[in-house]
Amino acid sequence: MSTLKRNLVWNTLLTISGYVFPLLTFPYVTRVLGAENFGMANFALSVVDYAILFSMLGITAIGARYIPQCNEDKAKRDDVFSHLVTIHILLSVAILLVYTACVFLVPQLAAHKMLYFVGASKIVVNIFLVEWLFQGMQDFRYITLRTLVIRTLYVASVFIFVRESDDYDNYFYVTIAQVALNAVINWKYARKYVRFKFSLKGCKEYVFPVFSMGINRILLSFYVTFNPIFLGLLCGNEAVGHFSVATRLYGIFLSFLGAYNGVFVPHLNSLLGKNDLKQFRKMVGLSFEIVSFVAIPIIVLGSCLAPEIIRLLAGAGYERAVLPFQIVLWQVLFVGLAQILENQILLSLKKFKEVLACTAICTTLSVFILLFFTRRYAEVASAYAVAIPHFLEAFLLYYYAQKAIPMDFPVKRYVVTTLACLPMVGMCFASRLFLTDYRLILGVCLTISAIYYLTVMCWVVKDQFLISQLKRIPLPHMKST
């Protein structure tokens, strides 16, 4: 097996584990802590992660690109590594000063000083995490194995130390400890590839790339980090708890499209290098079809079964998460399209300014929605502050993509898929008429809907993507007697 294929296998396993392990702890934690305490812990983690966002800026993106360019030049690799870590140290010191001041000055943070002081350690240990080094060295085997071991320890720790509703602090500490353990192991293992030496001389070369990539990263992560922080400041921890449940669940669905997108990007860049625009358009068209095949049934079923889904994964007491979940569920479609337009087309064609402009416009719209509607509509406004800007983002990215490389959007395909999914709405409502247990409703609806959808798409719509995947399934050969 080639190195590329091995890395693909390891990276796929890592991606899957990133969603399997949270599913082991998420239903347990939401039930034990309750909406308010779960929201309190997530609010604190969001504040810490937002501080880390500013302390790192674009170091991860720059490191993952610059390290591979060093090839076998050990001295050059040491130089890149040392300068990027030096910049990270300086940024972290500055952010820690601001972070500490906020803990004392902001009432919502001052009420739980110990929680945030412990959280400050994550900002420090994040310096030594240097995950970008191993990505640059393409050591996915190490990344995956280490992650699996530590995530297993994390899951065990959650079940051991989070036993009552007041154990939100233990949940917070265990989450921070997971990062600290990763950092200790990574820094020791990094010696295999590099040696660090604190040096200010030569850092100037990396400042502009780090800050320029950091600005885009801050804007992109706005929906994940700033949104719950602002919601918590205005509406309290319980609102954050409901919003966190809604966004966490839709993120699981979105991961399937993200994984496929990650496989397409390098192949499309290879086609551009060969100037094979015909095949490039064909592959992008296939990506659009995959999004319609996956996203539309998820939105239809997820919207209809939202109360049962929330009840199954988060437990009772999270009814307010249903409407936000139904709103952000549209992100599976909007973000799925945006990933194609941005990562597969615009960034492949080096249209960085256009991508940054789209991000800036949509972030501004999100801020506007939060400022004017959060106090009145709480987690529902936060959900709209995610969904509406991403819809606009997909529209703007499509406009710029068409200017860069004109291609046809498969409108007919999306209409046909939507019409094929409509009968599933009736199946969901009919199940509620005859069944009362939410688990039975989910099981029956999902099973019948899946059989119906695959049958219709295969035999009526004749979906080529589905048919091609079914042909890959090995069938047992009958031995003649």
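Before I look further, what does region 286-340 give for accessible area per residue, probe 1.4 Å, in whole square angstrom?
Values: 1500 Å² over 55 residues.
Accessible area per residue, region 286-340: 27 Å².
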_Karplus-derived HN-Hα couplings along region 436-447 (A = 6.51, B = -1.76, C = 1.60, θ = phi - 60°), whole Hz, x at Gly and Pro_ = 10, 6, 4, 5, 5, 4, 4, x, 5, 4, 5, 5
*region 38-185, Cα convex hull volume normalised per residue, Å³*: 99
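Heavy atoms only, probe 1.4 Å: what % of the accessible area of region 114-206 goes to carbon and sulfur, would you let me know? Mind dumping the intermediate values first?
Numbers: 3000 of 4880 Å².
The nonpolar share, carbon plus sulfur, comes to 61 percent.
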*Compare the peptides 420-431, 393-404 by average per-residue count of other Cβ atoms within 10 angstrom and give them in order, highest first.*
393-404, 420-431
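What is the ratio of the Cα radius of gyration of region 318-450 to 2.2 N^0.38 Å, where N is its residue count, to two decimals? Working shown, then result.
Details: Rg = 18.7 Å, N = 133, 2.2 N^0.38 = 14.1 Å.
My calculation over the Cα atoms of region 318-450 gives 1.32.
By accessible area of protein heavy atoms, probe 1.4 Å, what ranking do Thr364, Thr247, Thr147 get, highest first? Mind dumping the intermediate values first?
Working: Thr364 90, Thr247 40, Thr147 15 Å².
In descending accessible area the options line up as Thr364, Thr247, Thr147.
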*Sequence neighbours fewer than 8 away in the same chain don't count; with that in mind, list the aspartates and glutamates whose C-alpha is under 18 Å from Lys462.*
Glu289
*What list of ³J(HN,Hα) couplings, whole Hz, do you get for region 198-209 from phi and the Karplus terms 6.51, -1.76, 1.60, once you set θ to phi - 60° and write x for glycine and proline?*
4, 8, 7, 5, x, 5, 4, 4, 9, 5, 4, x
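Would you please classify the overall shape of region 56-97 from the alpha carbon gyration tensor, given that a ≥ b ≥ c denote the square roots of the eigenvalues, rounded means a/c under 1.5, and beyond that prolate means a/b larger than b/c while oblate covers the rest? Before the final figure, lay out the partial values.
Details: a/c = 6.05, a/b = 2.12, b/c = 2.85.
It is oblate, given that a/c is not under 1.5 and a/b is not larger than b/c.
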*Accessible area expressed per residue, region 104-174, with surrounding protein chains retained (probe 1.4 Å, Å²)*: 48
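For the peptides 320-330, 449-459, what is the packing order when you average, over each peptide's residues, the other Cβ atoms within 10 Å and list the highest mean first?
On the way: 320-330: 23.4, 449-459: 15.3.
The peptides rank, most packed first, as 320-330, 449-459.
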_Phi to ³J(HN,Hα) by Karplus 6.51 cos²θ - 1.76 cosθ + 1.60 over region 329-343, Hz, x for Gly, Pro_ = 4, 5, 5, 4, 7, 4, 6, x, 5, 4, 4, 5, 5, 7, 6
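Counting Lys +1, Arg +1, Asp -1, Glu -1, what net charge surrounds Phe161 among other residues with beta carbon under 13 Å of its beta carbon? Please report the intermediate quantities before stating the final value.
On the way: positive: Arg163; negative: Glu164, Asp166, Asp167, Asp169.
Result for the local shell: -3.
For region 375-419, give the percent of accessible area contributed by carbon and sulfur heavy atoms, probe 1.4 Å, rounded to a whole number. It would help to have the intermediate numbers written out before the result.
Working: 1690 of 2550 Å².
That fraction is 67 percent.
The values are calculated or read from the model by the stated rules, or taken from the named source; none is laboratory data. Keep in mind that what you see is a predicted model, and the values were worked out from it rather than measured. Here Cβ is always computed from backbone atoms with ideal geometry, including for glycine, and neighbour counts include all displayed protein chains. Quick note on the areas: whole protein, heavy atoms, side chains included, nothing else; ligands and nucleic acids left out. Shrake-Rupley method; radii C 1.70, N 1.55, O 1.52, S 1.80 Å.
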